[in-house]
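Working notes for the structure below.
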Amino acid sequence: MGGNPSKSHGLRWTGLGSLLGCLLIPGCSESEPTEIEPDEAIVASTGIVHVDANQQDNIGLKTIPLELQRMPLLLRLTGWLTAPPDAETTVRAPVDGFVAIAEGRRLPTLGESVNPGKALTRLHVFLTPQEIAQLVVAKEDTDIQLEQALVSMRLAEDQLQRLGNARDAVAAVRVDEVRETYQRSKAAVEEVRDKLPYLAEEPYNEQMLVKPVLVTAPRGGKITQVHVAADQFVLAGDALWTVSDWSTLWVRVPVFEADLPRIARREAAQVETAELSVPLQAAPIDAPLATTPGLRTVDLYYALANPDWSLRAGQSVLVGVPTGMEEDVLLIPQSALLYDGQGAIWVYVRVDGHTFRRQRVEVGMRVGMDAVIPRGLQQDDEIVETGAQALYSEEFKGQIATGDDD
């Protein structure tokens with residue numbers, strides 16, 4: 001076989017040789033210590049990196065000393081985003097019928113933007129046999145009323161014409177009565193004709209339909225829920241779509257009753273999410289406070305601008321609720337933070353000119369591009385601001401497994 005055994009192989013063979021020697025030599029004990037196993041050696045050196053001045057220059061490594069900074073004291077709580085009471089409207093079916101699609105068009109889909117008054121669909125009204133019979137009777141009665149009004153109007157018109165051509169004197173009262181009859185008949189005709197578009201058309205048949213009912217968007221926003229499909233039968237009052245305006249969301253923050261006196265109610269809160277690199281400001285809402293039964297918590301509400309809809313109703317967020325007091329904190333740049341696969345957060349602390357120690361920290365509120373460190377660091381520690389990722393790679397590059405040469 002070509003090549004030499006690695007150091008780890010050498011250590012394993014050393015341990016095996018010692019064991020065989022103990023079997024052959026009288027009085028030898030198996031419990032005598034041998035060389036440290038490779039895994040134990042790795043654990044012992046974890047977190048320490050030695051980098052000379054040239055390497056530090058090559059990776060652009062920069063460090064900064066830590067100092068306590070004065071900041072407002074915030075209560076870190078979990079909040080929930082919710083739509084304001086007037087931000088969502090459910091469009092409901094005005095009548096029983098079938099959801100229709102106009103030729104060349106489609107029904108509104110999830111996430112689609114709509115403007116106030118936009119046509120969403122047309123409902124083909126469903127009629128039972130009894131309703132069809134009632135419509136036929138109503139149509140026939142309306143036709144009779146129309147004919148009677150037309151006859152009355154023509155007779156009155158003829159009488160007015162004859163009275164106007166008469167040579168003998170006619171009492172003015174008689175002319176006024178005929179003119180009144182004519183105007184009443186004319187008004188009746190107009191009233192009946194207004195009813196005709198809403199009644200059945202002749203000739204009647206078993207599939208008699210009335211004019212489809214147009215359904216429009218009552219407000220502007222986006223479709224956040226779709227409750228129907230094409231050709232679906234719906235009853236009057238069934239939900240069709242939900243149109244929402246999430247340009248502004250409310251943040252609901254449950255607070256224990258005992259903490260309520262500490263909170264500055266008129267000051268803005270800070271809101272953090274995983275998607276946002278910079279905290280957002282949420283304005284307080286002056287709403288009545290009610291204690292949640294069985295929990296002894298009070299819900300505080302804050303208004304949060306969401307112009308690009310990156311935040312969602314129902315989403316959980318971290319909220320820094322102001323207390324009106326201040327505290328001394330350690331603030332470090334977020335570029336100094338390292339995240340491992342286990343969810344832990346680390347920074348590198350300078351030990352001396354060429355040595356750095358990886359230190360686990362706890363991260364609090366984020367302030368702009370910085371982060372508050374409540375635990376893990378001390379004042380006057382010098383941490384790596386730029387180049388932490390390169391140090392992380394340097395620390396573990398000697399532990400990358402290599403294959404045997406044979």
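Annotations for the structure displayed:
- Just so you know, in the range 52-89 the residues that are polar (S, T, N, Q) and either in a loop (DSSP other than H, G, I, E, B) or closer than 25 Å to Pro333 by Cα (or both) include one that is nearest to the chain's Cα centre (by Cα), and it is Thr78.
- Every listed requirement among (1) surrounded by fewer than 16 Cβ atoms within 10 Å (Cβ to Cβ); (2) on the phi < 0 side of the Ramachandran plot is met by Tyr301 save one, (1).
So that you can scan it fast, the table gives a plain yes or no per residue for (1) of a type in the set (Val, Ile, Thr); (2) touching a Leu at 6+ places or on another chain (Cβ under 6 Å); (3) at pLDDT below 90:
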residue: Ala274; (1), (2), (3): no, no, yes
residue: Ala282; (1), (2), (3): no, yes, no
residue: Ala287; (1), (2), (3): no, no, yes
residue: Ala290; (1), (2), (3): no, no, yes
residue: Leu300; (1), (2), (3): no, no, no
residue: Ala303; (1), (2), (3): no, no, no
residue: Gln315; (1), (2), (3): no, yes, no
residue: Val329; (1), (2), (3): yes, no, yes
residue: Met369; (1), (2), (3): no, no, yes
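- The listed residue being within 30 Å of Glu112 (Cβ to Cβ) and either outside the structural domain of Val298 (by TED's automatic domain parsing) or in contact with a Leu (Cβ under 8 Å, 6 or more places away or on another chain) (or both), out of Asp259, Asp231: Asp231
- Residue in the range 35-73 that is nearest to Thr355 (Cα to Cα), counting only those that are at pLDDT below 85 and touching a Ser or Thr at 6+ places or on another chain (Cβ under 8 Å): Pro38
- Filter result for Tyr204 (within 29 Å of Thr89 (Cβ to Cβ) and at pLDDT below 80): no
Here is a yes/no grid of residues against (1) in contact with a helix residue (DSSP H, G or I) (Cβ under 9 Å, 6 or more places away or on another chain); (2) surrounded by fewer than 18 Cβ atoms within 10 Å (Cβ to Cβ):
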site	(1), (2)
Thr248	no, yes
Arg265	no, yes
Thr273	no, yes
Ser277	yes, yes
Ala282	no, no
Thr292	no, yes
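- Condition met for Tyr182 (at pLDDT below 85, touching an Asp or Glu at 6+ places or on another chain (Cβ under 8 Å) and either surrounded by 14 or more Cβ atoms within 10 Å (Cβ to Cβ) or not charged (D, E, K, R) (or both)): yes
- Residues that are closer than 20 Å to Val51 by Cβ and of a type in the set (Gly, Ala, Ser) within the range 347-401 comprise Gly353, Gly387, Ala388, Ala390, Ser393, Gly398, listed in sequence order.
- Apart from one condition, Tyr348 fits all of (1) assigned by TED's automatic domain parsing to the domain that holds Trp80; (2) of a type outside the set (A, V, I, L, M, F, W, C); (3) modelled with pLDDT of 90 or more; the exception is (1).
- Condition broken by Glu88, with the remaining ones in (1) of a type outside the set (S, T, N, Q); (2) surrounded by 14 or more Cβ atoms within 10 Å (Cβ to Cβ); (3) at pLDDT 90 or above; (4) under 30 Å from Tyr392 (Cα atoms) satisfied: (4)
- Residues in the range 305-341 that are within 29 Å of Leu68 (Cα to Cα) and loosely packed, with under 13 Cβ neighbours inside 10 Å were compared, and the one that is nearest to the chain's Cα centre (by Cα) is Tyr339.
- The criterion of at least 3 residues that are free of Cβ contacts under 8 Å to residues at least 60 places away in the same chain and closer than 22 Å to Gln56 by Cα is met, among strands (runs of 3 or more DSSP E) falling completely within the range 312-406, by 345-350.
- All positions within the range 231-249 that are assigned to a loop (DSSP other than H, G, I, E, B) and under 14 Å from Leu107 (Cβ atoms): Asp231, Gln232
- Residues of the range 74-85 satisfying the condition of being modelled with pLDDT of 90 or more and either surrounded by 14 or more Cβ atoms within 10 Å (Cβ to Cβ) or among the small types (Gly, Ala, Ser) (or both): Leu77, Gly79, Trp80, Leu81, Thr82, Ala83, Pro84
The values are calculated or read from the model by the stated rules, or taken from the named source; none is laboratory data. Everything numeric in this text was worked out from a predicted model, so none of it was measured. Neighbour counts run over all protein chains shown; Cβ positions are idealised from the backbone, glycine included.
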